[in-house]
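Quick notes on the structure that follows.
The values are calculated or read from the model by the stated rules, or taken from the named source; none is laboratory data. On a predicted model such as this, the values are computed, not experimentally measured, just so you know. Note that we place each Cβ from the backbone using ideal geometry, even for glycine, and neighbour counts take in every protein chain shown. Side chains are part of the model used for accessible areas, which takes the heavy atoms of the whole protein and leaves out ligands, DNA and RNA. Shrake-Rupley method; radii C 1.70, N 1.55, O 1.52, S 1.80 Å.
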Amino acid sequence: QVQLVESGGGLVQPGGSLRLSCAASGSIFSLSAMGWYRQAPGKQRELVASITSRGSTNYADPVKGRFTISRDNAKNTVYLQMNSLKPEDTAVYYCSLTTISFGIWGQGTQVTVSS
C-alpha cells in the first residue's frame with residue numbers, strides 16, 4: 001500500500017522561502033506522476049505544480065518563477081522549493097501521486113506566510 005508523508009511546512013515571513021518534501025512508500029514512485037496542491041480556507045483545492053515520471057514540470061500561473069518542483073527517484077521523494085513567498089500562498093499543501101490505476105493524497109502540511 002502506497003502512502004505519502006509531507007513535511008517542511010511552517011510559518012515564514014513574506015519574501016522568505018520554504019522547501020516541502022513528500023516521501024512515498026512502495027515501489028511505484030518512479031513510475032508515478034507527482035503533484036503539489038494547496039487549499040486555502042474557504043477555497044477549493046488547486047494545483048500548484050506537477051512533475052511527470054520523466055521529469056516534465058507544470059506550474060500554476062501564480063507560482064511561476066517562484067516555486068520549483070523536483071523529484072529524487074532514488075529517495076522516493078518529491079520536493080517543492082518555494083521562494084519569494086507571499087501572504088496569498090498561505091494554505092495547506094498536499095502532495096499527490098498518480099498512476100494509470102489510482103491516485104492518492106498525503107495528509108497535508110500547513111504553510112503560513114505572515115509578518
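Full extension of the chain between ILE100 and ASP72 gives 8.0 nm of extra length, using 0.36 nm per residue less the Cα-Cα distance. Annotation: amide H of LEU85 within the under-5 Å range of GLY15, GLY16, sequence separation 5 or more or interchain, hydrogens built in the peptide plane.
Placing pseudo-labels 7 Å out from each Cα toward the beta carbon at GLU46 and SER30 gives an inter-label distance of 3.6 nm. Of GLU6, GLU46, GLU88, the order by accessible heavy-atom surface (1.4 Å probe, DNA, RNA and ligands excluded), from most exposed downward, is GLU88, GLU46, GLU6.
Probing with 1.4 Å while keeping every protein chain in the model, the per residue accessible area of the chain equals 54 Å².
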